[in-house]
Structures are given as structure tokens and as C-alpha cells.
Amino acid sequence: MNITVRTILLGLAVILFVLAVLIDDNWPDLIALGLAAFAAAYLIDDLGVTGRIGDRT
């Protein structure tokens, strides 16, 4: 299984969005962090940073 930085950031964004739905107190902060992680995932992909984590070959 190849885990890239983009995969980690997209997973983090999903977790933050789910937490934003469940927690009302910090909703704007969690949404902002989720959007930042989502944007960073695509920015890293466009910049060509494709470091793989856990790839043994």
C-alpha cells in the first residue's frame, strides 16, 4: 500500500470535517483547518512533491 503525503492530508481533512459536524464549539476553526488540509493536498500534488511513505521498492 502506497501512502503519500497527499493521502495523509486528505485523510486529515476528512477527519476534521467529521469533527466539525460533531463539535459545535470549534466549528469555524475545524472547517478552516479541513479546507487548508484539502488545499494543501492538491497543492503538494501540483508541485510534484510525491514522496511515498512505506514503499520498500
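At-a-glance table
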quantity	calculated
Pick from the stretch 41-57, criterion over 12 Å from THR7 (Cα atoms) and of a type in the set (Asp, Glu), ranking: modelled with the highest pLDDT	ASP46
Tabulated pairs, the stretch 22-34, first of a type in the set (S, T, N, Q), second surrounded by 13 or more Cβ atoms within 10 Å (Cβ to Cβ), C-beta under 8 angstrom, 6+ apart or interchain	ASN26/ALA20
Positions within the stretch 1-40 being at pLDDT below 90 and buried (at least 16 other Cβ atoms within 10 Å of the Cβ), in sequence order	THR4, VAL5, ARG6
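The values are calculated or read from the model by the stated rules, or taken from the named source; none is laboratory data. Keep in mind that this is a model prediction, so the values were computed, not measured. Every residue, glycine among them, receives a Cβ derived from its backbone with ideal geometry; neighbour counts consider all protein chains shown.
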